[in-house]
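Each remark here refers to the structure printed beneath this line.
Readers should treat all values here as calculations from the given coordinates under stated rules, not as data from a laboratory. None of the values given here were measured: they were computed from a predicted structure. Reconstructed Cβ throughout: ideal geometry from the backbone, glycine too, with neighbour counts over all protein chains shown.
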Amino acid sequence: MPILMPTPEYEVDIDFDESSREWRKNKHVLKNGAGFLYKKCKKNCVYVYETGIKCRKKQKIGADEHYCEIHFCGVEKYKDIV
């Protein structure tokens, strides 16, 4: 019979108002509460397609990477377009 060890309890103190403010810093609110869009900077995405063509979309603001919202998460939705 295995010996069961008591699991430690952790104190959780999350300020959801502060979290929401930080999350919204790099977003634009759409009209009529339809959602959010990432703010863009003036520089282009650094992603290069297999054909050698550079992505021409604008980079996301606040991201450590220098990619647009399509290439930021590694998902290439529009691969067939280029």
For segment 6-55, convex hull of alpha carbons as volume per residue, Å³: 217 Å³
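What FRET efficiency do you get for Y49 and V29 if R0 is 41 Å and r is their Cβ-Cβ distance, rounded to the nearest 0.05?
0.80
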